[in-house]
C-alpha cells in the first residue's frame, strides 16, 4: 500500500497545501471527502478562527484532515493549544525548525509532516522524528527555499538522502505531474495552486480569475535574501522589486509587506495592490473546477498515463 | 515505437546535449554507440574544427549522430556549409529563431530539432517545420529562457500546445528523472550535466571534479536580462554578479564575458576564473562514469522504477 495513504489513512496520496487565505473548512473538507488530505491554512488565522475552521471541518467530514502551521507566526503556541484541544489528527509544519514542536505534537498523538526545500532540512526532519517530509521545488507558489532547486532536481536528491514517506510539491497540478513526482521517488504529492482555483477555496473570485489568466514567466520568486516568495507580477510585486533593487533595508521591506497585503490580494480580490502568492503551474490552470472534479481528473489522468508509459 | 527513437533511428530516447567545450567526437560517438543520440557541440568550434569532429565521429560510429548549432555565432553560415558537405544527418539548433535555417537544412535531408523554453517558441518551431522540439527547464545548465519555467511546469504545457515529438531537458540525470519527464508528456530526454561528467567528455578533469563537489544552491541562473545562463558560483560568477548588481551596461558585461572564459573554465580547468556552465542536477552527480555505464544505468533504473509505480 502507498506509504502516504497508509500513514494518513486516505484513499489517494494527494495533499491539498494549507495555503493562507485560501484554505478554509469548505476546501479542506471537500478534499478529504474526495479521498485526499485537506489541510487548514492556519497561517492566516488567529487561534479562534482556527478553532472555528477545525470544528466546521469536523462537522463536514469524518475523513482525516490536518492543519498547516507555519512556525513563524507570533500566536504559534496558542494555535498548537487549539489543535491539541480539538484533537486534530495531522499537522504539517513549515517555515521553521522541525525540532521545535514535532516531539510535543507527537506526544499528543498527532502525525507530523514538515515542509523542506533541501537535503540539510530533510535530515533535520528525520532527526526530529517527523512522520513525513514535503519537499518543495522552486516552482511552487508562496514561501520557498533559498537554493532555488526545482522539483525535478530536488526529489531524487531527497529520496536518496532519507527513507521516510516523501511528498513532492511544486509544479504539480494534474495526473501527469503527479505520476512524474512519483517516478522521481515521491510517495505522494501536495498541490497548492490547483486547489486555490477550485470552487471550494476561499480565494477571492478575482484572484482565481487572475490565476487563470497568468501565463509563463508571469510569476517570480522574489525577496530571495529575506523570505523567498513566489508571486504574480502585479503592482504590489513591482513595488517590492523596486525596494529590492534599491537595496532597501530588510526592515523597510518587511514593514512594507506587513500591512495585510496578502489578505488584500488573495482574500479581498485586490489583484493589483495585493500580494498574490501562486506557483508557476498557474500557467497550466485554465478553469475553476470543483475539488471532486480536480481529484477525479487527476486520478483518471494518472491511470491513463501510467498505462501509456513506454517500455525501453 | 517511441517517436524519438523512430525519428532519429536510435535505440533509447536519450539525447546527449551538444554542450560547448565538452562535446567532441569521443563523447558523441560513445553516446551513439551506446544507443543514444550524440550531438557535437558546434558552439565552441570554428568550421574546420567542427569538420574534424564530424569526420572523427563518422569514423568512430556507424550510428546516427548530430550537431548542436547555437544560432548566435558569427560563423554560422560556414558551419552549416560544413554540416551539409559532411552529410550530418541531424541538427539541433538553439539560441535563435527556428524559422531561419530549418527549411534550408531540411532541403538537404537533415532532420532538425530546435531548443525552446516557452510555448511561444514551441509554436514557432511547428510553423518552421522542425521535426522535434527540445523543451528546456529553468534547472538546466548553460543558456536558458527568460521565463524561468521549470521542467515540471513546462513539459505538460508544451505537450498541450504542440503535437510533434518532444524532448525534455533540465534536471534529468538518471532513470527516475527520465521516467518523470516521459510521464509529463515528453517522448525523450536530453541530458547535459550527466554527460559532462563522463569519461569520454572533453571537459577538463578539474571541471568534472568541481561538478561532483557542487551541491544544492551552488549554481545560479544569472544575466537574466541579457543572456540567462546557469553557472557554478565561483570567482568568475561573483565578478559577473557584481557587474550585474551595479547595473553595468550590457556592453560592459558582454565585453567582460567575451574573453574565452568558458574555454578557460570548462576546457582548460580554471575552476575559479573560468565560466562553468552546469545544471542544478550537478548536486545529484557523484562520480565520473563511462557513457556506456550512464546509459545502461539509466535504462535499468527506468525499467525498475516503471515496474514499481503504484496503481491508484
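The values are calculated or read from the model by the stated rules, or taken from the named source; none is laboratory data. Remember, it's a predicted structure, so these values are computed and weren't measured experimentally. As a convention, Cβ positions derive from the backbone with ideal geometry for all residues, glycine included, and neighbour counts pool all protein chains shown.
Pull up the range B:289-299, narrow it to residues that are under 21 Å from residue A:154 (Cα atoms) and surrounded by fewer than 20 Cβ atoms within 10 Å (Cβ to Cβ), then point me to the one that is nearest to the other protein chains (Cβ to nearest Cβ).
B:299
Which count do you get for residues in the range A:222-236 that are within 14 Å of another protein chain (Cβ to nearest Cβ) and surrounded by fewer than 21 Cβ atoms within 10 Å (Cβ to Cβ)?
Count: 5.
For the subset of the range B:58-72 comprising residues that are in contact (Cβ under 8 Å) with a residue 40 or more places away in the chain and surrounded by fewer than 24 Cβ atoms within 10 Å (Cβ to Cβ), which member is nearest to the chain's Cα centre (by Cα)?
B:70
Residue-wise test of (1) under 30 Å from residue A:128 (Cα atoms); (2) assigned by TED's automatic domain parsing to the domain that holds residue A:273.
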{"position": "A:155", "(1), (2)": "yes, no"}
{"position": "A:165", "(1), (2)": "yes, no"}
{"position": "A:178", "(1), (2)": "yes, no"}
{"position": "A:186", "(1), (2)": "yes, no"}
{"position": "A:194", "(1), (2)": "no, no"}
{"position": "A:197", "(1), (2)": "no, no"}
{"position": "A:215", "(1), (2)": "no, yes"}
{"position": "A:220", "(1), (2)": "no, yes"}
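Given A:42, A:95, A:117, which one is within 14 Å of chain B (Cβ to nearest Cβ) and either under 13 Å from the mean Cα position of the chain (by Cα) or under 30 Å from residue B:148 (Cα atoms) (or both)?
Numbers: A:42 fails: within 14 Å of chain B (Cβ to nearest Cβ); A:95 fails: within 14 Å of chain B (Cβ to nearest Cβ).
Every option except A:117 fails the conditions.
From the list A:17, A:36, which one is within 14 Å of chain B (Cβ to nearest Cβ), in contact (Cβ under 8 Å) with a residue 24 or more places away in the chain and within 19 Å of residue A:135 (Cα to Cα)? I'd like the intermediate steps shown before the answer.
Values: A:17 fails: within 14 Å of chain B (Cβ to nearest Cβ).
Criteria check complete, one pass: A:36.
Would it be correct to say that residue A:244 is outside the structural domain of residue A:161 (by TED's automatic domain parsing), surrounded by 15 or more Cβ atoms within 10 Å (Cβ to Cβ) and at pLDDT 95 or above?
Numbers: outside the structural domain of residue A:161 (by TED's automatic domain parsing): yes; surrounded by 15 or more Cβ atoms within 10 Å (Cβ to Cβ): yes; at pLDDT 95 or above: no.
No: the conditions fail for residue A:244.
Among B:55, B:79, B:75, which is the only one that is modelled with pLDDT under 95 and more than 13 Å from the chain's Cα centre (by Cα)?
Values: B:55 fails: modelled with pLDDT under 95; B:79 fails: modelled with pLDDT under 95.
Matching residue, one of B:55, B:79, B:75: B:75.
Does residue B:103 satisfy the criteria of being touching a helix residue (DSSP H, G or I) at 6+ places or on another chain (Cβ under 8 Å) and part of a loop (DSSP other than H, G, I, E, B)? Break it down stepwise before answering.
Values: touching a helix residue (DSSP H, G or I) at 6+ places or on another chain (Cβ under 8 Å): yes; part of a loop (DSSP other than H, G, I, E, B): no.
Here the answer is no, as residue B:103 does not meet what is asked.
Across the range B:183-206, what is the number of residues that are in contact (Cβ under 8 Å) with a residue 60 or more places away in the chain, crowded, with 24+ Cβ neighbours inside 10 Å and within 14 Å of another protein chain (Cβ to nearest Cβ)?
7
Residue by residue through the range B:269-288, note down the ones that are closer than 13 Å to residue B:208 by Cβ, over 18 Å from the mean Cα position of the chain (by Cα) and crowded, with 16+ Cβ neighbours inside 10 Å.
The answer is B:269, B:271, B:288.
Among the residues of the range B:301-310, is there at least one that is in contact with a helix residue (DSSP H, G or I) (Cβ under 9 Å, 6 or more places away or on another chain) and away from every other protein chain (no Cβ under 14 Å)?
No: the range B:301-310 contains no residue that is in contact with a helix residue (DSSP H, G or I) (Cβ under 9 Å, 6 or more places away or on another chain) and away from every other protein chain (no Cβ under 14 Å).
Looking at (1) away from chain B (no Cβ under 14 Å); (2) more than 22 Å from the chain's Cα centre (by Cα); (3) closer than 26 Å to residue B:149 by Cβ, which one does residue A:249 not meet, given that it meets all the others?
(3)
Which one of A:180, A:169 is facing chain B (nearest Cβ under 7 Å), under 21 Å from residue B:186 (Cα atoms) and buried (at least 24 other Cβ atoms within 10 Å of the Cβ)? Steps first, answer last, please.
Details: A:169 fails: facing chain B (nearest Cβ under 7 Å).
Answer to the selection: A:180.
Please tell me if residue A:93 is free of Cβ contacts under 8 Å to residues at least 40 places away in the same chain, surrounded by 24 or more Cβ atoms within 10 Å (Cβ to Cβ) and part of a helix (DSSP H, G or I). Give the steps one after another, and end with the answer.
Working: free of Cβ contacts under 8 Å to residues at least 40 places away in the same chain: yes; surrounded by 24 or more Cβ atoms within 10 Å (Cβ to Cβ): yes; part of a helix (DSSP H, G or I): no.
For residue A:93, the condition - free of Cβ contacts under 8 Å to residues at least 40 places away in the same chain, surrounded by 24 or more Cβ atoms within 10 Å (Cβ to Cβ) and part of a helix (DSSP H, G or I) - is not met.
I'm checking my understanding of the structure. Among residues of the range B:44-57 that are crowded, with 19+ Cβ neighbours inside 10 Å and free of Cβ contacts under 8 Å to residues at least 40 places away in the same chain, which one is nearest to residue B:75 (Cα to Cα)? Break it down into steps so the answer makes sense when it comes.
Our first condition is that a residue be crowded, with 19+ Cβ neighbours inside 10 Å; within the range B:44-57, this holds for B:44-45, B:50, B:53-54, B:57.
From what's left, free of Cβ contacts under 8 Å to residues at least 40 places away in the same chain: B:45, B:50, B:53-54, B:57.
On the way: B:45: 10, B:50: 11, B:53: 16, B:54: 17, B:57: 21 Å.
The qualifying residue nearest to residue B:75 (Cα to Cα) is B:45.
Exactly one condition in (1) at pLDDT below 95; (2) under 22 Å from residue B:245 (Cβ atoms) is not met by residue A:261; state its number.
(2)
Please work out which residue is farthest from the other protein chains (Cβ to nearest Cβ), limiting yourself to the range A:258-281 and to residues that are within 18 Å of residue A:200 (Cβ to Cβ) and touching a strand residue (DSSP E or B) at 6+ places or on another chain (Cβ under 8 Å).
Of the range A:258-281, the ones within 18 Å of residue A:200 (Cβ to Cβ) are A:266-267, A:269, A:278.
Checking the rest, the ones that are also touching a strand residue (DSSP E or B) at 6+ places or on another chain (Cβ under 8 Å) come to A:266, A:278.
Working: A:266: 20, A:278: 12 Å.
It comes out as A:266.
Give the residues of the range B:120-163 that are within 14 Å of chain A (Cβ to nearest Cβ) and on the phi > 0 side of the Ramachandran plot, sorted by residue number.
B:148
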